[in-house]
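Working notes, beginning with the structure itself.
The values are calculated or read from the model by the stated rules, or taken from the named source; none is laboratory data. Keep in mind that what you see is a predicted model, and the values were worked out from it rather than measured. Here the Cβ is made from the backbone with ideal geometry for all residues, glycine too, and neighbour counts use every protein chain on show. For accessibility, only protein heavy atoms count, side chains too; no ligands or nucleic acids. Shrake-Rupley method; radii C 1.70, N 1.55, O 1.52, S 1.80 Å.
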Amino acid sequence: MKSKTLSVYTLAISPDDRIIGLVTELKKRLEKHLGRNYGSVNSLAHVTLILFVAYEDDYPVILDEFKRVLAGIAPLEIGFSGFGDFSKSHPCTFFVKPDDSSKDEIVACCQTIGLNFHKFIKQRFTDRWDIKGRVQPHMTIGRDLIFEEISLSYSLFTEDFNEHFTCNSFVIRKFNPGKGQYEIIDTIPLLGNEYMVGQQMRLF
C-alpha cells in the first residue's frame, strides 16, 4: 500500500563549502542588521532549480530518472556576481546573483531537464512540478522581507560578491516540517555523457 505522505523536494545547486560559509556570514550579518529572524536565515546556500511534490514511496522512481537525465549534463563553472532582489510584491527576497554566463547555463540546464525528464514519470509520480530556475536563478540571502528591508540590505552589503566554483553535481533537498528546513538527501553527479539512455538525439 502506497504511503499517503506527500513531501516537498527540490533539485538544487549546492555551492562549495567556502561559498556556503560566506553566504552564512552574510545571512547572520543581515539578521543582526535587521534586528530580527527572517525567512531562510538558517538555510544553507543553494540555487533552486526544480520544486516537486511527491509521495515518499514514489521518490526512488523520480530519483532514478533524475540520475538518467543529469548524466547527460556536463559539470558547470558557476560564478556569482553582485546582489539582486524581488521586491515588486510582498514578501520580498534579497539574493546573490549568478553572473550573466552562469545564469544562461543554469537556465539551459533547467530547459534540458524539462525537455528530457520522462513525461509519464512526471505525470504519474509527481503531484506538482515547478521549474524555478528557468527564469531568474538566484542564491537567496533573505526572504520574507518587507520593501524597506530590501533597501536596508543594499545599504549593509556595499562590498562586491564575486565568487565562483566548479559544479560537478546537483542535489535533492527534502523539506523537514519538524525543523522547518530543507535537508540534502541525495547528490547526483553531472557526467557529461554524450547520449542519454533511451534517447537517440545528441544533447549538445
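List of remarks:
- Selected residue (only one of 104, 99 is open to solvent by less than 70 Å² (accessible area, probe 1.4 Å) and among the acidic types (Asp, Glu)): 99
- The residues listed here are 68, 36; of these, the one that is at pLDDT below 95 and either within 19 Å of residue 24 (Cβ to Cβ) or in a helix (DSSP H, G or I) (or both) is 36.
- Any hit, the range 138-155, residues being part of a strand (DSSP E or B), more than 25 Å from residue 76 (Cβ to Cβ), out of contact with any Lys or Arg (no Cβ under 8 Å at 6 or more places or on another chain) and not aliphatic (A, V, I, L, M): yes
- Taking the criterion of being aromatic (Phe, Trp, Tyr) and either crowded, with 19+ Cβ neighbours inside 10 Å or touching a residue at least 60 places away in the same chain (Cβ under 8 Å) (or both), the only residue of the range 107-124 that qualifies is 117.
- Inside the range 143-159, residues that are in contact with a Gly (Cβ under 7 Å, 6 or more places away or on another chain) and either open to solvent by less than 30 Å² (accessible area, probe 1.4 Å) or under 19 Å from residue 52 (Cβ atoms) (or both) make up a count of 1.
- Of all residues in the range 160-178 being assigned to a strand (DSSP E or B) and open to solvent by 80 Å² or more (accessible area, probe 1.4 Å), the one that is nearest to residue 96 (Cα to Cα): 162
- Tally, over the range 131-142, of residues that are surrounded by fewer than 18 Cβ atoms within 10 Å (Cβ to Cβ) and in contact with a strand residue (DSSP E or B) (Cβ under 6 Å, 6 or more places away or on another chain): 1
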